[in-house]
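Enquirer: Supplied in structure tokens, the structure appears directly below.
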Amino acid sequence: MKKFLTAALALVLLLTLAACGGREGKEDPSGSPALYGVSEVQSVVDAGAFSESLEEVDADTAFALYKLADYGLERENMYDASVIRSAGATCEEMAVLCFDSEEQSSKAVEALEDYVAGQITANEDYRPAEIPKLENALVKQLQHTVLLLVANDYEAAAIDAYHSKS
């Protein structure tokens with residue numbers, strides 16, 4: 001079942017990238033429209049992947065929250081971001097971060113993996129019910145874009161998002 005969910009989430013990631021190719025907005029360094037947008041994050045929300053309403057976080061706050069500077073990145077390297085997260089009741093969140101290069105995205109993956117590990121440690125005693133969500137967190141890189149997903153229902157995110165992109 002875990003392999004199915006991982007494969008389904010990977011498929012969602014790929015379909016999301018394909019679906020947002022025509023999005024208007026800031027362009028990536030290669031001249032293509034940005035790979036992700038708020039609508040893709042919203043589709044996962046609409047799919048019922050989260051147990052509560054999540055709040056938007058601006059790009060500057062996300063850069064600091066994920067401690068990206070500690071991994072050699074500068075705020076200017078992150079040309080676009082869409083981040084939503086719990087106000088505190090859960091550890092649920094979703095982040096789409098777009099960087100100038102694949103190398104920078106690789107550094108961001110390290111930062112996000114360390115962030116999730118830190119969340120697990122910080123919540124073991126405080127919110128033990130959230131640990132399974134964090135242990136199943138999805139951190140993926142595709143080219144110069146990075147995705148973080150900590151959801152209540154990964155299956156809903158994968159299946160519903162897949163159908164909405166058909």
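The values are calculated or read from the model by the stated rules, or taken from the named source; none is laboratory data. Nothing here was measured: the structure is a model prediction, and the numbers come from that model. Cβ sites come from the backbone with ideal geometry, for glycine too, and all protein chains shown count toward neighbours. Just the protein is used for accessible areas: all its heavy atoms, side chains included, with ligands, DNA and RNA removed. Shrake-Rupley method; radii C 1.70, N 1.55, O 1.52, S 1.80 Å.
Enquirer: Where residues in the stretch 47-74 are loosely packed, with under 13 Cβ neighbours inside 10 Å and touching a residue at least 40 places away in the same chain (Cβ under 8 Å), which of them is nearest to ASN152 (Cα to Cα)?
Expert: Checked the stretch 47-74; the qualifying residue nearest to ASN152 (Cα to Cα) is GLU52.
Enquirer: Kindly indicate whether any position in the stretch 117-131 is on the phi < 0 side of the Ramachandran plot, over 16 Å from the mean Cα position of the chain (by Cα), open to solvent by 40 Å² or more (accessible area, probe 1.4 Å) and of a type in the set (A, V, I, L, M, F, W, C).
Expert: yes
Enquirer: Next question. Could you say whether any residue in the stretch 113-124 is touching a residue at least 12 places away in the same chain (Cβ under 8 Å) and in contact with a Phe, Trp or Tyr (Cβ under 6 Å, 6 or more places away or on another chain)?
Expert: Looking through the stretch 113-124, at least one residue is touching a residue at least 12 places away in the same chain (Cβ under 8 Å) and in contact with a Phe, Trp or Tyr (Cβ under 6 Å, 6 or more places away or on another chain).
Enquirer: Now, a different point. Filter the helices (runs of 4 or more DSSP H) completely within the stretch 63-166 down to those with at least 2 residues that are at pLDDT 95 or above.
Expert: 102-123, 131-135
Enquirer: Scan the stretch 47-59 and give yes if some residue there is assigned to a helix (DSSP H, G or I) and either of a type in the set (Phe, Trp, Tyr) or modelled with pLDDT of 95 or more (or both), otherwise no.
Expert: Initially, the stretch 47-59 is screened for residues assigned to a helix (DSSP H, G or I), giving 59.
Checking which are either of a type in the set (Phe, Trp, Tyr) or modelled with pLDDT of 95 or more (or both) leaves us with 59.
Among the residues of the stretch 47-59, at least one is assigned to a helix (DSSP H, G or I) and either of a type in the set (Phe, Trp, Tyr) or modelled with pLDDT of 95 or more (or both), which makes the answer yes.
Enquirer: Checking the structure you have, find out if any residue of the stretch 14-33 is touching a Lys or Arg at 6+ places or on another chain (Cβ under 9 Å), modelled with pLDDT under 95, within 19 Å of VAL139 (Cα to Cα) and not β-branched (Val, Ile, Thr).
Expert: The answer is yes; a qualifying residue exists.
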